[in-house]
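The values are calculated or read from the model by the stated rules, or taken from the named source; none is laboratory data. Since the structure is predicted, the reported quantities are computational estimates derived from the model, not experimental observations. Here Cβ is always computed from backbone atoms with ideal geometry, including for glycine, and neighbour counts include all displayed protein chains. The accessibility values were calculated without ligands, DNA or RNA, using every heavy atom of the protein model including side chains. Shrake-Rupley method; radii C 1.70, N 1.55, O 1.52, S 1.80 Å.
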Amino acid sequence: MTPERSGVVDPVPPAPGAGPGPRWGRLLFPGALIALSVVVVVASLGLGLWAPLGPGPGFFPLLLGGLLGALSVLWALEEVRAGRTRPVATSMPDDEVDGLDPELDEQPLRMRQVATIVGSLVVLAILMPLIGYQLSMLLFLVFHLRFVGHRRWLLTAAIAAIGSFGVFSLFTRVLSVNLPAASLDFLRVLGF
């Protein structure tokens, strides 16, 4: 009895790099971010962490560099874990499998997401001097939370309000750091 008639398919050895374990190319970007975070942390230590009036010039870069490093390490660990749990290639040709190769299928979506994020950051940079930090960040957060991330309106409104008006109040009133104000007269009169 041949394998086709018995329903058993002879295993085909996986292609190089297709078996268990991480794909090292996927670790390149998290590794670069880890290296960047180390540079930021080391550079921020030389700036001074505390001043007589409060946080020094190196405090926030140290905090952000440490956060970037921790998140990048988590990302790298997730890529390693995902590489170990990916299914091994079957002996069926790609044209007989329903759908596309999962990695090829993810590529257009990821590129679209990256383009959306970069485009929205460009719009944010253009709007911030015109309408100020509060309104531009509010629009940015609403766009990403509601329309890109498909979060509920209540959660979107809460996070967007805290991330725009709350952060603005914290920086301007508590930390005495000026964030961009609106250059349009009618918005400046309203306090933006």
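Summed over segment 161-180, the residues that are at pLDDT below 90, part of a helix (DSSP H, G or I) and of a type in the set (S, T, N, Q) give a count of 1. Note on segment 110-141: among residues that are open to solvent by less than 40 Å² (accessible area, probe 1.4 Å) and small (Gly, Ala, Ser), the one that is nearest to Ser183 (Cα to Cα) is Gly132. Would it be correct to say that Pro14 is in a loop (DSSP other than H, G, I, E, B), modelled with pLDDT under 50 and not basic (Lys, Arg)? The answer is yes for Pro14.
Of all the numbered requirements in (1) touching a residue at least 24 places away in the same chain (Cβ under 8 Å); (2) assigned to a helix (DSSP H, G or I), Phe192 misses one, and that requirement is (2).
Of all residues in segment 96-107, none satisfies being assigned to a helix (DSSP H, G or I), among the β-branched types (Val, Ile, Thr) and modelled with pLDDT under 95.
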